[in-house]
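Working notes, structure below.
The values are calculated or read from the model by the stated rules, or taken from the named source; none is laboratory data. Keep in mind it's a predicted model, so treat the numbers as computed, not measured. All Cβ positions, glycine included, derive from the backbone under ideal geometry; neighbour counts span all protein chains shown.
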Amino acid sequence: MKRILATTFALLTLTSLCRAEDGFERKTVDYGNWNSGFFADATTVRTPARFIYLSGQGSEDEKTGEIRYPGDIAAQCKYAWEKIEKSLKAQGAAVTDIVKATTYVTQPGMAKVIGKCRAEAMKGAPATPHTFLVVQGLAWPGMVMEVDVVAAVAP
């Protein structure tokens, strides 16, 4: 019985292993709890690696700074993740290289909307560790969500 439990735990613990060459290794850890597939319990990164820390991405138009989709959390989320994907691509990375995400919202009860948006943006990649916070306000009036991410890529 102990052997079965140990094997089951090991399988649940290691859900993703990426880029073991050149001393870079990223593992996504999922202990099989309620959050499985929604967000990972942890990501471990063994370097050398290049880390990319993005500023919080919200619905500010990239050229004008005007808030797109005022008050529409789903549309703001989609636009923010499009900007994240574009920023990571400019750095030679992709959303699949994200090792941590933090989402800020101004409206309680938006976890399912944000979770669906984030899952679509991740394009089938394993869930990453994610922190979800409800805050009183964000940088600009009309912003109802913002997300920041950290990505790690092999050198």
**Study point:** Residue satisfying condition, being buried (at least 17 other Cβ atoms within 10 Å of the Cβ), part of a loop (DSSP other than H, G, I, E, B) and at pLDDT 95 or above, within set Ala80, Ala93
**Key:** Ala93
Exercise for review: Would you be able to tell me the number of residues in the range 116-136 that are under 10 Å from the mean Cα position of the chain (by Cα) and in a helix (DSSP H, G or I)?
Suggested key: 3
Practice item. Quick one: which residue in Leu138, Leu133, Leu88 is under 23 Å from Lys27 (Cβ atoms) and of a type outside the set (Ser, Thr, Tyr)? Key: Leu88
Study note, to complete from the structure: Those residues of the range 137-152 which are surrounded by fewer than 20 Cβ atoms within 10 Å (Cβ to Cβ) and assigned to a strand (DSSP E or B) amount to Asp148, Val150
Point to revise | Qualifying residue in the range 61-70 (condition: more than 21 Å from Thr128 (Cα to Cα), at pLDDT below 85 and assigned to a loop (DSSP other than H, G, I, E, B)) | key: no
**Study point:** Of the criteria (1) closer than 18 Å to Gly124 by Cα; (2) at pLDDT below 85, which one Ala101 fails
**Key:** (2)
Check your understanding: Which members of the range 96-136 meet the condition of being in contact with a Pro (Cβ under 9 Å, 6 or more places away or on another chain), of a type outside the set (Ser, Thr, Tyr) and surrounded by 14 or more Cβ atoms within 10 Å (Cβ to Cβ)?
Key -> Val99, Lys100, Ala101
Point to revise | Residue check for Val135: touching a helix residue (DSSP H, G or I) at 6+ places or on another chain (Cβ under 7 Å) and of a type in the set (Val, Ile, Thr) | key: no
Point to revise | Pair list, Cβ < 8 Å and 6+ apart or interchain, from the range 79-100 residues that are in contact (Cβ under 8 Å) with a residue 12 or more places away in the chain and closer than 15 Å to Ala152 by Cβ to residues that are among the polar types (S, T, N, Q) and part of a loop (DSSP other than H, G, I, E, B) | key: Ile98/Thr128; Val99/Thr128; Lys100/Thr128
Check your understanding: Where in the range 1-57 are there strands (runs of 3 or more DSSP E), lying wholly inside it, with at least 1 residues that are more than 21 Å from Glu85 (Cβ to Cβ), in contact with a strand residue (DSSP E or B) (Cβ under 7 Å, 6 or more places away or on another chain) and at pLDDT 50 or above?
Key -> 25-29, 42-46
**Study point:** Long-range neighbours under 9 Å by Cβ, at least six apart or interchain, first residue charged (D, E, K, R) within the range 54-72, second assigned to a strand (DSSP E or B)
**Key:** Glu60/Ile67; Asp61/Ile67; Glu66/Glu60; Arg68/Glu60
Practice item. Check off (1) over 14 Å from Ala80 (Cα atoms); (2) in contact with a strand residue (DSSP E or B) (Cβ under 6 Å, 6 or more places away or on another chain) for Met110 and give me the number that stays unchecked. Key: (2)
